[in-house]
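The block underneath contains the structure these notes are about, expressed in structure tokens.
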Amino acid sequence: MKITVVGGGNIGTQFMVHAASKGHEVTAYTSDPSVFASHLNILDENDNTVLEGDIALATNDPDKAFSDAEFIMITLPSMMMKGIADKIYEYASSSAVIGVVPGNGGSECAFARCIERGNTFFAIERVPAIARLVQKGKTVRSTGYRGELHVASIPAARAQECCDLISGIYDKPCVVIPNYLNLTMTPSNPILHTTRLRTLFKDYKPGVTYESLPLFYEEWSDESSELLLKCDDEVQEICRALPMFHMEFTISLRVHYESPTVEAMTAKISSINAFKGLTTPSVKVDGGLIPDLHSRYFTADFSYGLAIIKQIAVFAGVKTPNIDDVLAWYESLRIERGDFSYSDYGINTREDFEHFYLR
């Protein structure tokens, strides 16, 4: 197939190598094509090359990237989806299959016009593996590959063919999720990152600095686990209020991490090898460190991830005091931001909401 991968970062580069190694004609659509080599490779944790492949083109020209693409895979953060969706709508054909990874963050709404004209839209629930660039445009290290991948699509009837496509690229079994809303509600980064930041920086205000900060995952705390589990419980309550969407595929983090208690969750998260060494998003200023409010942990996971879950809770008629607390704390930081809103896409009532996702 002619595959265009949007985004030349960690996950985008990883996907390019997997697709190219299978013989697909891969184009990288990236803001800086000059840094891309034609030959890309994936390393394991011991710096051994485990996969490699040649891409056909790296470009920042949307016409070259999208006009002939049969499959477009997008690996950008949530707040960039609307801009790229508009370009794809303009340049790509209505027969192109459009995918995103991971599936949370309101991407499905950004691509509403593409869906309406006939494009198949799908997403992979979570990233297939942890990926970290070693050399931009050439090498990425990938660890912790999942045993199976989960895919949902709009319209739902196209999910199996999307699943087959992804399974063939990653050589992993793929499970069809019957309704896309499960991906939107997946309690991954939208509550994992936000609850951790809420507890780490609970006393932060302008002028406050920190001499040092704990590692984000490796030094995870019981306080963070307690808030995480409370928000996870609220996500599950929202799911139970929406039975028509088959929300049993939105798995609780208690189950996902096999950690039903606060102490077990802390032990689990702090011991995951792929997370070791990852720092807390911060900026060095005079006097110490402050939170990096421009990090995707803030700009994507609050304004898109958690804000979307809260709006779905309102449609479902479910109260979420702990999620409300986390969002209120973020609001108190008073940073300039643009939160996702269903109303921007004509979804104002539960009826509108059901019409969008039940197709």
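The values are calculated or read from the model by the stated rules, or taken from the named source; none is laboratory data. The model shown is predicted, which means the values in this text are computed figures rather than measured ones. Positions of Cβ are backbone-derived with ideal geometry, glycine not excepted, and every protein chain shown enters the neighbour counts.
Please work out if Ser224 is free of Cβ contacts under 8 Å to residues at least 60 places away in the same chain, surrounded by 20 or more Cβ atoms within 10 Å (Cβ to Cβ) and assigned by TED's automatic domain parsing to the domain that holds Asn348. It is true that Ser224 is free of Cβ contacts under 8 Å to residues at least 60 places away in the same chain, surrounded by 20 or more Cβ atoms within 10 Å (Cβ to Cβ) and assigned by TED's automatic domain parsing to the domain that holds Asn348.
Inside the stretch 5-42, residues that are at pLDDT 95 or above and among the acidic types (Asp, Glu) make up a count of 1. If we scan the stretch 190-211, do we find a residue that is surrounded by fewer than 22 Cβ atoms within 10 Å (Cβ to Cβ), of a type in the set (Gly, Ala, Ser) and in contact (Cβ under 8 Å) with a residue 24 or more places away in the chain? Within the stretch 190-211, none of the residues are surrounded by fewer than 22 Cβ atoms within 10 Å (Cβ to Cβ), of a type in the set (Gly, Ala, Ser) and in contact (Cβ under 8 Å) with a residue 24 or more places away in the chain.
Output the number of residues of the stretch 318-353 satisfying the condition of being in a loop (DSSP other than H, G, I, E, B) and either free of Cβ contacts under 8 Å to residues at least 12 places away in the same chain or surrounded by fewer than 20 Cβ atoms within 10 Å (Cβ to Cβ) (or both).
Of the stretch 318-353, the ones in a loop (DSSP other than H, G, I, E, B) are 318-320, 333-341, 346-349.
With the extra rule that they be either free of Cβ contacts under 8 Å to residues at least 12 places away in the same chain or surrounded by fewer than 20 Cβ atoms within 10 Å (Cβ to Cβ) (or both), the set shrinks to 318-319, 333-339, 341, 346, 348-349.
The qualifying residues number 13.
Just a yes or no: is a residue in the stretch 14-36 within 16 Å of the chain's Cα centre (by Cα), touching a residue at least 40 places away in the same chain (Cβ under 8 Å) and assigned by TED's automatic domain parsing to the domain that holds Phe122? Yes - at least one qualifying residue is present in the stretch 14-36. Listed conditions (1) assigned to a loop (DSSP other than H, G, I, E, B); (2) modelled with pLDDT of 95 or more; (3) of a type in the set (Ser, Thr, Tyr); (4) buried (at least 24 other Cβ atoms within 10 Å of the Cβ) are all met by Tyr217, apart from (4). Candidates in the stretch 265-302 are the residues that are touching a helix residue (DSSP H, G or I) at 6+ places or on another chain (Cβ under 9 Å) and among the β-branched types (Val, Ile, Thr); of these, the one that is surrounded by the most Cβ atoms within 10 Å (Cβ to Cβ) is Ile269. Of all the numbered requirements in (1) farther than 18 Å from Asp339 by Cα; (2) in contact with a Leu (Cβ under 8 Å, 6 or more places away or on another chain); (3) among the aliphatic types (A, V, I, L, M), Ile84 misses one, and that requirement is (1).
With the stretch 116-178 as the region, which strands (runs of 3 or more DSSP E) entirely inside it contain at least 1 residues that are touching a Lys or Arg at 6+ places or on another chain (Cβ under 7 Å) and not aliphatic (A, V, I, L, M)?
On the way: elements: 120-124, 130-135, 139-143, 149-154, 174-176.
Result: 120-124, 130-135, 139-143.
Could you go through the stretch 188-199 and let me know if any residue there is out of contact with any strand residue (DSSP E or B) (no Cβ under 8 Å at 6 or more places or on another chain), over 20 Å from Ser107 (Cα atoms) and either among the basic types (Lys, Arg) or not assigned by TED's automatic domain parsing to the domain that holds Ile309 (or both). Taking every residue of the stretch 188-199 in turn, at least one turns out to be out of contact with any strand residue (DSSP E or B) (no Cβ under 8 Å at 6 or more places or on another chain), over 20 Å from Ser107 (Cα atoms) and either among the basic types (Lys, Arg) or not assigned by TED's automatic domain parsing to the domain that holds Ile309 (or both). Among the conditions (1) under 30 Å from Asp44 (Cβ atoms); (2) of a type in the set (Lys, Arg); (3) surrounded by fewer than 18 Cβ atoms within 10 Å (Cβ to Cβ); (4) out of contact with any His (no Cβ under 9 Å at 6 or more places or on another chain), the only one that Lys138 does not satisfy is (4).
Listed by position, the strands (runs of 3 or more DSSP E) inside the stretch 27-81 whose residues that are in contact with a Lys or Arg (Cβ under 8 Å, 6 or more places away or on another chain) number at least 3 are 39-43.
I'm checking my understanding of the structure. Among residues of the stretch 37-50 that are touching a residue at least 40 places away in the same chain (Cβ under 8 Å) and over 24 Å from the mean Cα position of the chain (by Cα), which one is surrounded by the fewest Cβ atoms within 10 Å (Cβ to Cβ)?
Start the filter on the stretch 37-50 by keeping residues that are touching a residue at least 40 places away in the same chain (Cβ under 8 Å), which leaves 37, 39-45, 47, 50.
If we keep only those that are over 24 Å from the mean Cα position of the chain (by Cα) as well, we get 37, 39, 47, 50.
On the way: Ala37: 13, His39: 13, Asp47: 9, Val50: 12.
Ranking the qualifying residues of the stretch 37-50, first place goes to Asp47.
Here Phe315, Phe302, Phe275, Phe298 are screened, and the one residue that is at pLDDT 95 or above, touching a Phe, Trp or Tyr at 6+ places or on another chain (Cβ under 9 Å) and on the phi < 0 side of the Ramachandran plot is Phe315. With respect to the stated conditions, Ile84 fails to be surrounded by 15 or more Cβ atoms within 10 Å (Cβ to Cβ) and assigned to a strand (DSSP E or B).
Checking each residue in the stretch 17-43 for being under 9 Å from Asp54 (Cα atoms) and among the charged types (D, E, K, R) picks out only Glu25.
Report yes if Thr184 is surrounded by fewer than 19 Cβ atoms within 10 Å (Cβ to Cβ) and polar (S, T, N, Q), otherwise no. In short, no.
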